[in-house]
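Below is one structure; the comments refer to it alone.
The values are calculated or read from the model by the stated rules, or taken from the named source; none is laboratory data. The model shown is predicted, which means the values in this text are computed figures rather than measured ones. Virtual Cβ from ideal backbone geometry, glycine too; neighbours counted across all protein chains shown.
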Amino acid sequence: MKRLGPLLVTLLAASSIACTGDDDEGGPAPTLMMTADRSEIATGETITLTIEVENFELSGEEHQHLERGFDPPLAAEPGDPLAAEAEYTGPRVGHVHVYLDDLMVNPLAMITTSPGQVVVDAEPGAHTLIGRLHGTDHKIIEPQIIDEVEITVLAP
């Protein structure tokens, strides 16, 4: 019975560390905020979205499709993307997929820098642009990080 005390203390300490509200990688969860340069457009026009993220880094113009299944460490040397993997604790890296009205369809755009451009080809009426964070491997960041912008497509 005396040996259960240290085990119980260890289990309690481990469970309190696991319940911090952080993301799956142990750091603060990423956030996403999108704003549009206007709320009304004609179908086929381009809208500019400003993307603000925290605890996440947009991959930039030189987006690469990686086959490793995880985000690249920012500290790695060019030509050696695995060099700093074990030590890396910085923000996740990726981009925003932008959808029109529904996450279950192909995205309208992939935004790697802010501001980003999205062509909206939709029927007149109220619509929602939905942004979701994805890693450089295009996997959805879990738990999902989503923001929405309401727009109106004007009749011709």
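Residues in the range 25-50 that are among the small types (Gly, Ala, Ser) and part of a strand (DSSP E or B) were compared, and the one that is surrounded by the most Cβ atoms within 10 Å (Cβ to Cβ) is 36. The condition (being modelled with pLDDT of 75 or more and closer than 18 Å to residue 137 by Cβ) is satisfied by just one residue among 60, 90, 69: 60. Looking at the structure I just gave you, is residue 147 among the charged types (D, E, K, R), in contact (Cβ under 8 Å) with a residue 24 or more places away in the chain, more than 19 Å from residue 40 (Cβ to Cβ) and surrounded by 15 or more Cβ atoms within 10 Å (Cβ to Cβ)? The answer is yes for residue 147.
What are the residues in the range 115-141 that are loosely packed, with under 15 Cβ neighbours inside 10 Å, outside any strand (DSSP E or B) and either polar (S, T, N, Q) or on the phi > 0 side of the Ramachandran plot (or both), if any? If the condition is that a residue be loosely packed, with under 15 Cβ neighbours inside 10 Å, outside any strand (DSSP E or B) and either polar (S, T, N, Q) or on the phi > 0 side of the Ramachandran plot (or both), then 138 is the only one that fits.
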